[in-house]
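Scroll down for the structure; my scribbles are underneath it.
The values are calculated or read from the model by the stated rules, or taken from the named source; none is laboratory data. Given the structure is predicted, the values throughout are model-derived calculations rather than measurements. Cβ atoms come from the backbone with ideal geometry, glycine included; neighbour counts cover every protein chain shown.
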Amino acid sequence: MSDKQESVLFYTCVNTKFWGFGMIYPLFVLMTNPGAKVEIGVENYRRFHRKYRHISDFYDKYFPGKVLFSPVAFDRWTWHGRQKIVPNSVRFVTQPKLKADYVYIGDADILITEEVASQHLANIEKHHLDFSNVVRKGRKRLTGLHFIAYDKMYPLPSLRGINLGKCNDEDLLYRIIQRKGLKMPGPEVTFRPAHGLHISLYSSSPFEYLVGPNHLLDFPAWFMAVDSKHNIGNQDMGVDVDKYFDLRKRPEFIAFYEILKPKDTEVRRIIQITDACAYYYKHVILQQKNT
């Protein structure tokens, strides 16, 4: 790999439900990974472009040539007719239009708060890996956060025999990597950070507990305890909250928020909910833990 960060492409896809996250994701990536590029595959692209053209114009102005919103299909034709693809799987069965030395395929609802590529390259070198990811314990699944050399990932192998309408995205990625003939990481490989705040509005609640440390409930949450079984990267959420608030003060973020229109309710709601939950975590939950 060259020593230029622009050789890393961040890629994800959003259906209509996640359009708001698709508009925010590039901002946090490029504030923390300034040499990278970002491509977002979008469902119903024409309608998306009409609704958010002013935000696309913002990216063209502040990050010229760094962000591409591209149309992608969330279904495909098969011998049995048109088949819906599991939404989370679309990012793994679609090749981005932009190219780079490396691609980081992730979740649109993670607000990236740190530099990403150097950590994964170090992990690949340390463990002599074909890519940076982990296999879910006891499962034939790779996680949905995947760092790999672009030419190792693409072109994609044949997907014949895989039911894309039912196959879980992590199962699907495992099968793709198998069909590419790449070596799976062993159980000693545990490096898999989220690199930020995972704002899972539609799948998990913000907190594992609300009333105090004696009432810890270990279920998926945005702000996980370091020793939670769901925190596979041992992420210190207090550190990421501090990084988030530092980024909120950046001139790029302020300029982004200023161009939002009253109708951009999804985008403003994501930011405001994240602000409120991050503030509560920092000033209530962490204080409870420390008393």
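Below, the figures for the structure above:
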item	result
Scope the range 72-93; condition crowded, with 22+ Cβ neighbours inside 10 Å and under 16 Å from the mean Cα position of the chain (by Cα); matching residues	Ser89, Val90, Arg91, Phe92
Unique match (being buried (at least 19 other Cβ atoms within 10 Å of the Cβ) and either among the acidic types (Asp, Glu) or at pLDDT below 95 (or both)) among Glu6, Glu39, Glu115	Glu39
Within the range 163-189, tally of residues that are in a loop (DSSP other than H, G, I, E, B), buried (at least 17 other Cβ atoms within 10 Å of the Cβ) and assigned by TED's automatic domain parsing to the domain that holds Asp107	2
